[in-house]
Amino acid sequence: MTQLTTPPADAPAKKPASSPRRQRRGSGFGTMRRREKVLRYVLLLLALVVTVGPFVWQLSTSLKGAGENIYTSTPQFIPSSPTFENYLRVAETIPVLSYAKNSLIVAAMAVAGNAVGCTLAGFALAKLRFRGRTLFLALVLGTLVLPVEVTIVSQYVTVRSLGLADTLVGVALPTAVAMLNVLLMRAAFMAIPDEMDEAAVIDGASAWQRLIHIGLPNVRGMLSVITIFAFIGAWDDFLWPLIVLTDPQNYTLTVGLQYLSGAFTANPRVIAAGTMIAFIPIVIVFATLQRFFFRGVEEGAIKG
Amino acid sequence: MKTQRWFTPWLLLGPAVVWLLVFNLWPAINTVVLAFTNAKPLGGGSFTGLANFERMLNDDQLVYALVNSIVYMLVCLPLLLFLPLLLAVLLEKKLPGITFFRTAFYTPVIASAVVVALIWTWLLEDRGLVNGLAQQLGFLTEPLPFLSGRWLLLFSAISLTVWKGLGYYMIIYLSALGNVSRQLHEAAAVDGAGPIRRFWSVTVPGVRTTMLLVSVLVTVSALRVFTELFVLTNGTGGPGGRTMSLVMLIQMYSRGFTGHLGYASALSLLLFVITVGPMLLLLRLNRKAA
């Protein structure tokens, strides 16, 4: 399915007519010419330097001691004597551990809310017949036209009137049951064949039993996708917590980092260490769960 | 066949209904209401008619923000339309290690924009890596002020958005490339078309619909840009507050004693008017794809 036969750049016309036929059964790279393979790897490595290089540079800066010149004209990617002192300096400047804890609390609420709320709603919308369903769906679909930034001001007014301004619950609440995720879970439940369900109905199973025993085991893929997206979305978010939170004690990591860079512009090593504290956990989550990620994106879990 | 009790669906739907009403529909209505008031971030506010909209007409910063948005969009569009497609073409062939490259190329997408913007700040400062290397290699004789000039700041933010978006659109293209006919490529190759020729005459037409989707996504996200500009300018909006975006203005008026939620809401309505067209198109494209 992922076959694109690109001959070497310099000799396209000499392509033997028999080669495409041999490639038909999947083993694409077996028949790829050596020069093309080398060229592809060179380009891949080039793209790797561009996409990952800046992170490596930041990591390297964060590990350089105060005695090492970070401004040398020949960039030094390996620190001469790696040290964690910059990470300690971050902790001395801002309460970074409590910021990390705050981010984690917000992310956990987002994950739990979406996992429960969107699963229940998705199941009801996909598998149960009731009046008002079409209206509800139409309204949910309608909300997708609004970028979050459009309603962010009045969202703040709502959260404030609930007495939740400057709280972590206030940060997590508005997206704790995201409408897009409701639609994604509905799509996942709809993919379960009705025959499986009908048998259970005839056996007298309640809606709840059908959800637990037939529904859930079949939507685990989509469920993991929406929870991963909820986690990363909450962990990375900046604008909304920036609006809701005012007391520096309550900051999440992203807001705290911006605060750190404002307070500490003089030392790039410390800021670099701060960014790594926010970045490394999400990379670990991503690296562990990446196959769900890509499956989710392929299934159309595209956030606009 | 036994049917469920009438309230069962609504029990399951309960949380979603509450969230739909309280955190989606009500804020949408309330944005319109607030736009006609002088509400403040700390509370209060009364009806002020069209005052906020009149204020918009005389707001120089808003003009800068809108010009910035247009530039942002125009520069991002071609770059994010083609660079991710090239990456996807590179990843398409199942070479050993290709999963590693795919994951690595996607990493900028999952990093927080704040993290990336702080990395950019360090890379682009006067004595940073970019200026250092450019001087070393003889491209520059003295450092370029990437983080202080109005336009340089804007282009630095654009470069950040493009870099962070590469992996995102790459994945979208990657799944579309699976549907491009291999026979067409082979036929073109047999006819003597080189890789560049075939990229333009086979790959690009083959992912036409996806390109439309990507251009709408890029347009919307360019109009919504916030974090990149906020962090790169350290919240100031650059020299004279001229390197701001519309969302940055909305945020600025949402905070503190000097804030003005009424005006921020009027600006939000403007953002809605600008984005609703592409958003509707996006919804249609997504439904067609599903």
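Could you list, in sequence order, all residues of the range A:262-279 that are open to solvent by 10 Å² or more (accessible area, probe 1.4 Å), within 10 Å of chain B (Cβ to nearest Cβ) and of a type outside the set (Lys, Arg)?
Here is the first cut: in the range A:262-279, the residues open to solvent by 10 Å² or more (accessible area, probe 1.4 Å) are A:262-269, A:271, A:277, A:279.
Going one step further and asking which of them are within 10 Å of chain B (Cβ to nearest Cβ), we end up with A:262, A:265, A:268-269, A:271, A:277, A:279.
Scanning the range A:262-279 gives A:262, A:265, A:268, A:271, A:277, A:279.
Could you look through the range B:198-231, keep only residues that are facing chain A (nearest Cβ under 9 Å) and of a type in the set (Ser, Thr, Tyr), and pick out the one that is nearest to the chain's Cα centre (by Cα)?
For the range B:198-231, the residue satisfying everything is B:221.
Being at the interface with chain A (Cβ under 9 Å from one of its Cβ atoms) and open to solvent by 10 Å² or more (accessible area, probe 1.4 Å) is the filter here; which residues of the range B:174-186 pass it?
Kept after step one, since they are at the interface with chain A (Cβ under 9 Å from one of its Cβ atoms), are these residues of the range B:174-186: B:174-175, B:177-180, B:182-183, B:185-186.
B:174, B:175, B:178, B:179, B:180, B:182, B:183, B:186 - these are the residues of the range B:174-186 that are at the interface with chain A (Cβ under 9 Å from one of its Cβ atoms) and open to solvent by 10 Å² or more (accessible area, probe 1.4 Å).
Only residues in the range B:207-235 that are among the charged types (D, E, K, R) count as the first member; pair them with residues that are open to solvent by 10 Å² or more (accessible area, probe 1.4 Å), Cβ under 7 angstrom, at least 6 apart or cross-chain, and list the lot.
Close Cβ pairs (under 7 Å, with a partner that is open to solvent by 10 Å² or more (accessible area, probe 1.4 Å)) amount to B:224/A:149; B:228/B:113; B:228/B:161.
Looking only at the range B:39-68, count every residue that is part of a loop (DSSP other than H, G, I, E, B) and open to solvent by 50 Å² or more (accessible area, probe 1.4 Å) and tell me the total. Quick ask: steps written out before the conclusion?
To start, the set of residues in the range B:39-68 that are part of a loop (DSSP other than H, G, I, E, B) comprises B:39-46, B:48-50, B:58-59.
Then drop every residue that is not open to solvent by 50 Å² or more (accessible area, probe 1.4 Å), which leaves B:40, B:42, B:44-46, B:50, B:58.
So the answer is 7.
Out of the residues in the range B:113-132 that are free of Cβ contacts under 8 Å to residues at least 60 places away in the same chain and at the interface with chain A (Cβ under 7 Å from one of its Cβ atoms), which is surrounded by the fewest Cβ atoms within 10 Å (Cβ to Cβ)?
My answer is B:127.
Hey, among B:201, B:268, B:245, B:254, which residue is in contact (Cβ under 8 Å) with a residue 12 or more places away in the chain and surrounded by fewer than 21 Cβ atoms within 10 Å (Cβ to Cβ)? Walk me through how you get there before you give the answer.
Working: B:268 fails: surrounded by fewer than 21 Cβ atoms within 10 Å (Cβ to Cβ); B:245 fails: surrounded by fewer than 21 Cβ atoms within 10 Å (Cβ to Cβ); B:254 fails: surrounded by fewer than 21 Cβ atoms within 10 Å (Cβ to Cβ).
B:201 is the lone residue from the list that is in contact (Cβ under 8 Å) with a residue 12 or more places away in the chain and surrounded by fewer than 21 Cβ atoms within 10 Å (Cβ to Cβ).
Conditions tested, residue by residue: (1) modelled with pLDDT of 95 or more; (2) over 30 Å from residue A:206 (Cβ atoms).
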| position | (1), (2) |
| --- | --- |
| B:11 | no, no |
| B:18 | yes, no |
| B:26 | yes, yes |
| B:42 | no, yes |
| B:46 | no, yes |
| B:60 | no, yes |
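How many of the residues making up the range B:220-241 are hydroxyl-bearing (Ser, Thr, Tyr), open to solvent by 20 Å² or more (accessible area, probe 1.4 Å) and either part of a loop (DSSP other than H, G, I, E, B) or in contact with a Cys (Cβ under 7 Å, 6 or more places away or on another chain) (or both)?
1
State which residue pairs qualify: first residue within 12 Å of chain B (Cβ to nearest Cβ) and part of a helix (DSSP H, G or I) and inside the range A:203-228, second residue of a type in the set (S, T, N, Q) and open to solvent by 20 Å² or more (accessible area, probe 1.4 Å) in any location, beta carbons under 7 Å apart, and separation of 6 or more residues or different chains.
Hits for this filter: A:207/B:4; A:207/B:8.
Look at the range B:45-79 and say how many of its residues are within 14 Å of chain A (Cβ to nearest Cβ) and within 26 Å of residue B:208 (Cβ to Cβ). Walk me through how you get there before you give the answer.
Kept after step one, since they are within 14 Å of chain A (Cβ to nearest Cβ), are these residues of the range B:45-79: B:45, B:52, B:65, B:69, B:79.
Add one more test, that the residue is within 26 Å of residue B:208 (Cβ to Cβ), and what stays is B:79.
Result for the range B:45-79: 1.
Please work out if residue A:86 is within 13 Å of chain B (Cβ to nearest Cβ) and more than 30 Å from residue B:271 (Cα to Cα). Working first, answer last.
Numbers: within 13 Å of chain B (Cβ to nearest Cβ): yes; more than 30 Å from residue B:271 (Cα to Cα): yes.
Judged against the criteria, residue A:86 is a match.
Taking the range A:129-143 as the region of interest, how many residues are at the interface with chain B (Cβ under 7 Å from one of its Cβ atoms) and either over 20 Å from residue A:181 (Cα atoms) or of a type outside the set (A, V, I, L, M, F, W, C) (or both)?
2
If you check residue B:276 against the conditions, is it of a type in the set (Val, Ile, Thr) and either open to solvent by less than 10 Å² (accessible area, probe 1.4 Å) or more than 8 Å from chain A (Cβ to nearest Cβ) (or both)?
On the way: of a type in the set (Val, Ile, Thr): yes; either open to solvent by less than 10 Å² (accessible area, probe 1.4 Å) or more than 8 Å from chain A (Cβ to nearest Cβ) (or both): no.
For residue B:276, the condition - of a type in the set (Val, Ile, Thr) and either open to solvent by less than 10 Å² (accessible area, probe 1.4 Å) or more than 8 Å from chain A (Cβ to nearest Cβ) (or both) - is not met.
Of the residues in the range A:156-172, how many are touching a Phe, Trp or Tyr at 6+ places or on another chain (Cβ under 7 Å) and facing another protein chain (nearest Cβ under 7 Å)? Please lay out each step first, then the result.
To start, the set of residues in the range A:156-172 that are touching a Phe, Trp or Tyr at 6+ places or on another chain (Cβ under 7 Å) comprises A:158, A:171.
Narrowing the set further to residues that are facing another protein chain (nearest Cβ under 7 Å) leaves A:158.
Adding up the residues that qualify gives 1.
Okay, residues lined up against (1) at pLDDT below 95; (2) closer than 27 Å to residue B:30 by Cβ; (3) not in a helix (DSSP H, G or I):
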residue	(1), (2), (3)
A:108	no, no, no
A:113	no, yes, no
A:116	no, yes, no
A:119	no, no, no
A:126	yes, no, no
A:134	yes, yes, no
A:145	yes, yes, yes
A:172	no, yes, no
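Is it true that some residue in the range A:121-144 is more than 30 Å from residue A:211 (Cα to Cα) and either among the β-branched types (Val, Ile, Thr) or over 30 Å from the mean Cα position of the chain (by Cα) (or both)?
Narrowing the range A:121-144 to residues more than 30 Å from residue A:211 (Cα to Cα): none.
Within the range A:121-144 (the criterion being more than 30 Å from residue A:211 (Cα to Cα) and either among the β-branched types (Val, Ile, Thr) or over 30 Å from the mean Cα position of the chain (by Cα) (or both)), the answer is no, since none of the residues qualifies.
Spot the failing condition for residue B:96; the list is (1) in contact with a Phe, Trp or Tyr (Cβ under 9 Å, 6 or more places away or on another chain); (2) away from chain A (no Cβ under 11 Å); (3) open to solvent by 50 Å² or more (accessible area, probe 1.4 Å), and only one is missed.
Result: residue B:96 passes all but (2).
Of the numbered conditions (1) part of a helix (DSSP H, G or I); (2) at the interface with chain A (Cβ under 8 Å from one of its Cβ atoms); (3) open to solvent by 20 Å² or more (accessible area, probe 1.4 Å), residue B:171 satisfies every one except a single condition; which is it?
(3)
Between residues in the range A:265-285 that are of a type outside the set (S, T, N, Q) and residues that are part of a loop (DSSP other than H, G, I, E, B), which pairs lie under 7 Å by C-beta distance while being six or more apart or on different chains?
A:268/A:70; A:269/A:64; A:269/A:70; A:270/A:264; A:271/A:264; A:278/B:112; A:279/B:111; A:282/B:111
If you take the residues of the range A:89-112 that are open to solvent by 70 Å² or more (accessible area, probe 1.4 Å) and over 14 Å from residue A:253 (Cβ atoms), which of them is farthest from the other protein chains (Cβ to nearest Cβ)?
So, considering only residues that are open to solvent by 70 Å² or more (accessible area, probe 1.4 Å) and over 14 Å from residue A:253 (Cβ atoms), the one farthest from the other protein chains (Cβ to nearest Cβ) is A:92.
The values are calculated or read from the model by the stated rules, or taken from the named source; none is laboratory data. Just so it is clear, the model here is predicted, and its values are computed rather than measured. Using ideal geometry, Cβ is built from the backbone for each residue, glycine included, and neighbour counts are taken over all protein chains shown. Side chains included, ligands, DNA and RNA excluded: accessible areas come from the protein's heavy atoms. Shrake-Rupley method; radii C 1.70, N 1.55, O 1.52, S 1.80 Å.
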